[in-house]
Amino acid sequence: MSVLGIIAEFNPFHKGHEHLINTAKKNGSFDAVVCVMSGNFSQRAEPTVCDKWSRAEMALQGGVDLVIELPFAFAVRSAYYFARGAVQLLARTGVITHLGFGSENGQLDPLLKIASLLANEPDEYRNQLKDLLGQGLSYPAARSRALQHYFGPQAADLAELMNGPNNILAIEYLHNIIQDQINLQPFTISRQGDGYHSQQISGSGFSSAGAIRTALLNDPVITEKIEQALPESSRQILEREISMGRAPISPNALEQIVLANLRSMSLSSLSQIYEISEGLEYRIKEASLHSGTLEELRRKIKSKRYSLTRINRILIYSLFHLTKEQIDILDQHGPQYFHILAFSSTGRKILQKIKNKSSLPILSRGSQVKKLSQEQGSSEAGDLLALDILASDIYSLLSPASAMRGGGKDFLTSSLFIG
């Protein structure tokens, strides 16, 4: 059996995602498509534009057979840990044979070349990276320069590769596959349309998810331009979520929650938060007391070493009281369950095969989620799941309609089945 694995956020599911899935299906004779998808918070540590269940529904309508949630503890991390959690989750199903992903260049070999170096880290590269970090550069900037130094004349082309957000994630997928000797056959498909960071709806029909989100947040109406960027099923689901007051969710909706949390935390507690080091807790605490918006807060914290994206993540880690010690334990064990968000009739058959091949529990009903959540404090799975549940409970508070802000949705929502 040949099963395609895809790692995505689908924030929201647009025509570029549809192109990836359709092209992958044409390139290989796959029996099913399984997606590992971020939950209610993205890799940029922002709330997604609509919730995980509606995005999973979009994916099923767009050609995916089974959607598994990537636990929060991996979904909101840097590219390496995001990729690591997702690749591990795919591998632990015991049924995924291929990994397909988009990239800006659409060529596997140069991505593999960088990934192989990162997986093996020759001394020359490692020493150069250490020196650059010692000069105060951020990790992404230091790594890019160390790679350029190591590869010499080829550096210009490789540096350009490292500037593409899709390429960066692609390299980290490959990095983890090589490093852990995971039996997944990778292939890449060239990204279509505007760049990842584009904030303008394209006339080509291939607009970035960021451009779609920006347009929706400026005016929560599916305009003709937005409609051109979405499959019909995604448009219908988004319109439903908007009409019910569950979307769109703005990253700035977290503003008061984040500021209140930081102002209430002690310096000692802040210093224990994942990725806070070198006295950054003092800078964060001071900034929280003199900032009225998230934008102002980030600007006051930002430095040469700490990028805005990294600061974003640190703010979320602080909100969830995610400590260095806790992350170390969760990383040692990796994903501990399959939380199924949606499945088709083909997906149901794949689930049965996963059940036969994997020792991890499958959570397809709210009652199963509730039962495992009772292990919080006594098992890694319970602790990992507690963060997913908290993420849903905080996310629900951001809904435009107050009637939609109730908690406990992971206990009340079972997997969506579309036959």
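The values are calculated or read from the model by the stated rules, or taken from the named source; none is laboratory data. These numbers come from a predicted model, not from an experiment. When we count neighbours, we look across all protein chains shown, and the Cβ atoms used for this are built from the backbone with ideal geometry, even at glycine.
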Query raised in the report: Here are some conditions: (1) over 29 Å from ILE249 (Cα atoms); (2) outside any helix (DSSP H, G or I). LEU351 meets all but one. Which one does it not meet?
Result: (2)
Query - Candidates GLU227, GLU275, GLU255, filtered to the one that is within 21 Å of SER78 (Cβ to Cβ) and touching a helix residue (DSSP H, G or I) at 6+ places or on another chain (Cβ under 7 Å) - result: GLU275
Requested in this report: Output the qualifying pairs, or none if there are none: Cβ atoms under 6 angstrom, residues six or more apart or on different chains, first residue in the stretch 323-343 and closer than 12 Å to ALA86 by Cα and among the hydrophobic types (A, V, I, L, M, F, W, C), second residue surrounded by fewer than 19 Cβ atoms within 10 Å (Cβ to Cβ) and at pLDDT 95 or above.
Outcome: PHE338/LEU360; PHE338/ILE362
Requested in this report: Tell me, yes or no, whether the stretch 12-20 has at least one residue that is at pLDDT 95 or above, under 15 Å from the mean Cα position of the chain (by Cα) and either among the aliphatic types (A, V, I, L, M) or surrounded by fewer than 22 Cβ atoms within 10 Å (Cβ to Cβ) (or both).
Outcome: no
Query raised in the report: Among the candidates LEU89, LEU117, which residue alone is touching a residue at least 60 places away in the same chain (Cβ under 8 Å) and assigned to a helix (DSSP H, G or I)?
Result: LEU89
Query raised in the report: Does the stretch 344-374 hold any residues that are in contact (Cβ under 8 Å) with a residue 12 or more places away in the chain and either closer than 23 Å to GLN332 by Cα or among the β-branched types (Val, Ile, Thr) (or both), and which are they?
Result: THR346, ILE350, ILE354, LYS357, SER358, LEU360, PRO361, ILE362, LEU363, VAL369, LEU372, SER373
Requested in this report: Determine which single condition LEU99 fails, assuming it passes every other condition in (1) modelled with pLDDT of 95 or more; (2) assigned to a helix (DSSP H, G or I); (3) over 30 Å from ALA253 (Cβ atoms); (4) in contact with a Pro (Cβ under 9 Å, 6 or more places away or on another chain).
Outcome: (2)
Query - Condition met for PHE338 (crowded, with 20+ Cβ neighbours inside 10 Å, of a type in the set (A, V, I, L, M, F, W, C) and within 23 Å of the chain's Cα centre (by Cα)) - result: yes
Requested in this report: Go through SER392, SER367, SER399 for me and flag whichever is part of a helix (DSSP H, G or I), crowded, with 16+ Cβ neighbours inside 10 Å and not charged (D, E, K, R).
Outcome: SER392
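Per-residue answers, yes or no, for (1) modelled with pLDDT of 95 or more; (2) part of a helix (DSSP H, G or I); (3) under 22 Å from ASN40 (Cα atoms):
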site: LYS300; (1), (2), (3): yes, yes, no
site: LEU315; (1), (2), (3): yes, yes, yes
site: PRO335; (1), (2), (3): yes, no, yes
site: HIS339; (1), (2), (3): yes, no, yes
**Report entry** Any pair with Cβ under 6 angstrom, 6 or more apart, that starts in the stretch 51-76 at a residue that is under 24 Å from LEU360 (Cα atoms) and ends at one that is polar (S, T, N, Q) and surrounded by 24 or more Cβ atoms within 10 Å (Cβ to Cβ)
**Finding:** LYS52/ASN40; LEU70/SER38; ALA75/SER38
Query raised in the report: Just checking, which of ILE168, ILE237, ILE222, ILE242 is buried (at least 17 other Cβ atoms within 10 Å of the Cβ), modelled with pLDDT under 95 and assigned by TED's automatic domain parsing to the domain that holds GLY63?
Result: ILE222
Query raised in the report: Out of (1) in the same structural domain as ALA91 (by TED's automatic domain parsing); (2) surrounded by 21 or more Cβ atoms within 10 Å (Cβ to Cβ); (3) not acidic (Asp, Glu), what's the single condition that is false for LEU297?
Result: (1)
Report summary line: Contact list, first residue from the stretch 253-271 and more than 29 Å from VAL49 (Cβ to Cβ), second anywhere and of a type in the set (Asp, Glu) and in a helix (DSSP H, G or I), beta-carbon distance below 9 Å, six or more apart or interchain, is LEU267/GLU281; SER268/GLU281; SER269/GLU281; LEU270/GLU281; SER271/GLU281
**Report entry** Unique residue being in a helix (DSSP H, G or I) and either farther than 15 Å from PHE320 by Cβ or free of Cβ contacts under 8 Å to residues at least 12 places away in the same chain (or both) when the list is GLY377, GLY382, GLY406
**Finding:** GLY382
